[in-house]
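Input: a single structure, listed below in C-alpha cells.
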Amino acid sequence: DTGVSQNPRHKITKRGQNVTFRCDPISEHNRLYWYRQTLGQGPEFLTYFQNEAQLEKSRLLSDRFSAERPKGSFSTLEIQRTEQGDSAMYLCASSLHRTSGGNEQFFGPGTRLTVL
Amino acid sequence: SQQGEEDPQALSIQEGENATMNCSYKTSINNLQWYRQNSGRGLVHLILIRSNEREKHSGRLRVTLDTSKKSSSLLITASRAADTASYFCATFLSAGSYQLTFGKGTKLSVIP
C-alpha cells in the first residue's frame, strides 16, 4: 500500500507531556498538510509544507505546536505541554502540486490523541 | 473558522434511494471539493468541481455548483449500505491559499 501513513495510530498521554506524531506522504507528493479533527466537526487546517518549506500556518497552531519536514519527505508534528483540549484526531494529507489546479489531497488514517 | 456548511446534518435513507446533500460557502472560490469519511477508509476525496463548471458526474455521484448562490449539492444515486459515511464539502480559504476548509459534514446512513 503506497498511501499516506501515520504513526502512531493512537496516543494516550498525561497533561503536560510532549507528544510527537509522524506522517509519511505518498512518495512523489511534494505537498504535505496537517489537520486536526474533533468529534462532530470537519477537519481543521493546521499547516502545510511544499517540499521542506512550511508555507502556511493556521492561527490554530499555537506556539506549543511545531511541525517539520526536514528533507521534504516525512513530517513530524510535535505538541509540547499537552492540554486536554488537544485531544483530537490529527490527520496528515499529501498532494502533488500542479499549476493546472486540482491538487487533490490524499489523507492518512490519522493519529488519535487522548490527553488525560 | 469553517468556510462551508453542509445541510442536512444527518440523513437516513433506504438502500436504493437517492441522497442529496447541500453545501453553502462564504467566499469566492476556484473550486469546491467533496470528501467522504468513514471509520474503515478514513477521509477520501470524491470529486472536485471548478468554479466555471455547473455540474459534474462521477459514477453514481453528481455534483452541482451555483457560484451566484455560493452553494453546491452532492447527489448519490441508487445508494448502497457502503455509502454510509460522513460527507464534507471543502474549499480553499482564499485565492492563493492552500488552507482547505471543511464544513461540519452530513452524516449519511443507508439502511439495508
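The values are calculated or read from the model by the stated rules, or taken from the named source; none is laboratory data. Just so it is clear, the structure is predicted and the values come from calculations on it, not from any experiment. Positions of Cβ are generated from backbone atoms using ideal geometry, with glycine treated the same way; all protein chains shown enter the neighbour counts.
Kindly check whether there is at least one residue in region A:54-70 that is away from chain B (no Cβ under 14 Å) and among the polar types (S, T, N, Q). There is at least one residue in region A:54-70 that is away from chain B (no Cβ under 14 Å) and among the polar types (S, T, N, Q). Tell me which residues, restricted to region B:60-112, are under 13 Å from B:N30 (Cα atoms), of a type in the set (A, V, I, L, M) and at pLDDT 95 or above. Scanning region B:60-112 gives a single hit, B:L65.
Of the strands (runs of 3 or more DSSP E) contained entirely in region B:69-112, those carrying at least 3 residues that are within 19 Å of A:Y35 (Cβ to Cβ) and in contact (Cβ under 8 Å) with a residue 40 or more places away in the chain fall at B:85-92, B:100-102. Among the conditions (1) farther than 10 Å from B:S24 by Cα; (2) away from chain A (no Cβ under 14 Å), the only one that B:S71 does not satisfy is (1). Any residue at all in region A:75-97 that's part of a loop (DSSP other than H, G, I, E, B) and either at pLDDT below 90 or within 14 Å of chain B (Cβ to nearest Cβ) (or both)? Yes, there is a match, as at least one residue in region A:75-97 is part of a loop (DSSP other than H, G, I, E, B) and either at pLDDT below 90 or within 14 Å of chain B (Cβ to nearest Cβ) (or both). Across region A:36-53, the qualifying residues are those that are among the charged types (D, E, K, R) and more than 9 Å from chain B (Cβ to nearest Cβ), and the one among them that is surrounded by the fewest Cβ atoms within 10 Å (Cβ to Cβ) is A:E52.
Assuming B:H57 fulfils every condition listed in (1) modelled with pLDDT of 95 or more; (2) on the phi < 0 side of the Ramachandran plot; (3) in contact with a Ser or Thr (Cβ under 8 Å, 6 or more places away or on another chain) apart from one, which condition is it? With respect to (1) modelled with pLDDT of 95 or more; (2) on the phi < 0 side of the Ramachandran plot; (3) in contact with a Ser or Thr (Cβ under 8 Å, 6 or more places away or on another chain), B:H57 is out only on (3).
Residue check: B:P112 meets all listed conditions (1) out of contact with any strand residue (DSSP E or B) (no Cβ under 8 Å at 6 or more places or on another chain); (2) within 14 Å of chain A (Cβ to nearest Cβ) but one, namely (2). Looking only at residues of region B:19-45 that are under 9 Å from the mean Cα position of the chain (by Cα) and at the interface with chain A (Cβ under 10 Å from one of its Cβ atoms), we find that the one that is nearest to A:T111 (Cα to Cα) is B:Y35. Restricting the first member to region A:65-84 and to residues that are within 21 Å of A:G3 (Cα to Cα), and the second to residues that are part of a loop (DSSP other than H, G, I, E, B), the beta-carbon pairs closer than 7 Å and six or more apart or on different chains are A:R69/A:E52; A:P70/A:E52; A:K71/A:E52; A:G72/A:N51; A:G72/A:E52; A:S75/A:R69.
From the list A:R22, A:R112, A:R31, exactly one residue is within 14 Å of chain B (Cβ to nearest Cβ), in contact with a Ser or Thr (Cβ under 7 Å, 6 or more places away or on another chain), in contact (Cβ under 8 Å) with a residue 24 or more places away in the chain and basic (K, R). Which is it? Walk me through it before giving the result.
Working: A:R22 fails: within 14 Å of chain B (Cβ to nearest Cβ); A:R112 fails: in contact with a Ser or Thr (Cβ under 7 Å, 6 or more places away or on another chain).
Residue meeting the stated conditions: A:R31.
Looking at region B:23-43, which of its residues are farther than 17 Å from B:Q99 by Cα and not basic (K, R)?
B:C23, B:S24, B:Q37, B:N38, B:S39, B:G40, B:G42, listed by residue number.
Of everything in region B:1-59 that is aliphatic (A, V, I, L, M) and free of Cβ contacts under 8 Å to residues at least 60 places away in the same chain, the residue that is surrounded by the fewest Cβ atoms within 10 Å (Cβ to Cβ) is B:V44.
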